[in-house]
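The values are calculated or read from the model by the stated rules, or taken from the named source; none is laboratory data. No experiment lies behind these values; they were computed from the predicted model shown. Quick reminder, even Gly has a Cβ in these numbers, built from the backbone with ideal geometry, and neighbours come from all protein chains shown. All accessible areas refer to the heavy atoms of the entire protein, side chains included, with ligands and DNA or RNA removed. Shrake-Rupley method; radii C 1.70, N 1.55, O 1.52, S 1.80 Å.
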Amino acid sequence: MHCKKQNILKGALIYSAGDTIAALLLDEFSWHRLLGMIFIGATFYAFEIPNYFDWIVKKTKNLQGLKATLTKTVLAIAYFNPLWIARHLLFIKLFSGNFEAIGFNLLEIAFWSFLVNIPISFIANYIIQNRFKLKWRFIGSAVFSAIMAIYYALSETIFS
């Protein structure tokens with residue numbers, strides 16, 4: 001288990017940037033939300049994601065060829081599952097002060113968001129897990145997740 005200063009800074013900047021773009025597109029920007037997402041990117045995401053990617057490397061080190069490639073990709077997709085998306089939406093609601101919007105409907109939105117996103121996520125996670133060196137995977141994933149943060153924020157409008 002590790003947590004590097006560079007991951008903390010990159011997580012804070014990249015995740016909050018993606019969410020800020022989504023918030024601006026939806027006319028939902030707030031400083032509380034921005035600061036909250038900086039905090040989440042610098043703590044939860046900066047710790048969880050690189051350690052999970054390390055685990056994927058350890059889990060697949062004895063696999064080769066197509067089996068290794070697919071296993072890495074599927075394990076990455078499994079991490080960013082509907083519960084992860086629902087938690088991300090929960091963070092948005094909490095930091096936006098939109099407490100009345102917190103409910104089980106976030107799970108339904110997360111499920112549909114995840115399901116529709118699988119083809120794009122498969123390609124992106126294939127590239128991140130199989131073409132990026134381990135030290136670049138967090139950044140690659142953070143950039144992809146920042147783009148997806150825009151999608152997740154919009155998914156509430158799309159799938160509600």
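For beta carbons closer than 6 Å, sequence separation of 6+ or different chains, a first residue in the stretch 98-112 that is over 14 Å from I85 (Cβ atoms) and a second that is surrounded by 16 or more Cβ atoms within 10 Å (Cβ to Cβ), the qualifying pairs are A101/K93; I102/K93.
Tally time: how many residues in the stretch 18-33 are in contact (Cβ under 8 Å) with a residue 12 or more places away in the chain and either open to solvent by 90 Å² or more (accessible area, probe 1.4 Å) or under 14 Å from G140 (Cα atoms) (or both)?
Here is the first cut: in the stretch 18-33, the residues in contact (Cβ under 8 Å) with a residue 12 or more places away in the chain are 18-23, 25-26, 28, 30, 32-33.
Right, trim to either open to solvent by 90 Å² or more (accessible area, probe 1.4 Å) or under 14 Å from G140 (Cα atoms) (or both) and you get 18, 25, 32.
Number satisfying all stated conditions: 3.
Being touching a Leu at 6+ places or on another chain (Cβ under 7 Å), within 16 Å of I158 (Cα to Cα) and open to solvent by 10 Å² or more (accessible area, probe 1.4 Å), is that true of even one residue in the stretch 73-85? Yes, the stretch 73-85 has at least one match.
Conditions tested, residue by residue: (1) assigned to a helix (DSSP H, G or I); (2) open to solvent by less than 70 Å² (accessible area, probe 1.4 Å); (3) closer than 30 Å to K58 by Cα.
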{"position": "H88", "(1), (2), (3)": "yes, yes, yes"}
{"position": "A124", "(1), (2), (3)": "yes, yes, yes"}
{"position": "N130", "(1), (2), (3)": "yes, yes, yes"}
{"position": "R137", "(1), (2), (3)": "yes, yes, yes"}
{"position": "A142", "(1), (2), (3)": "yes, yes, yes"}
{"position": "I147", "(1), (2), (3)": "yes, no, yes"}
{"position": "I150", "(1), (2), (3)": "yes, yes, no"}
{"position": "T157", "(1), (2), (3)": "yes, no, no"}
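Selection of first residues in the stretch 148-160 that are touching a residue at least 40 places away in the same chain (Cβ under 8 Å) and of second residues that are of a type in the set (D, E, K, R), restricted to Cβ pairs under 7 Å at least 6 apart or on distinct chains, gives the following pairs, ordered by first then second residue: A149/D19; A153/D19. If you check F104, F132, F138, F122 for being farther than 16 Å from A153 by Cβ and modelled with pLDDT under 90, only one passes: F138. Among (1) among the aliphatic types (A, V, I, L, M); (2) within 20 Å of A22 (Cα to Cα); (3) open to solvent by 70 Å² or more (accessible area, probe 1.4 Å), where does L70 come up short? (2) is the only condition that L70 fails.
Testing W112 on (1) under 22 Å from A23 (Cβ atoms); (2) exposed (fewer than 13 other Cβ atoms within 10 Å of the Cβ), one condition comes back false. Which one is that? Exception for W112: condition (2).
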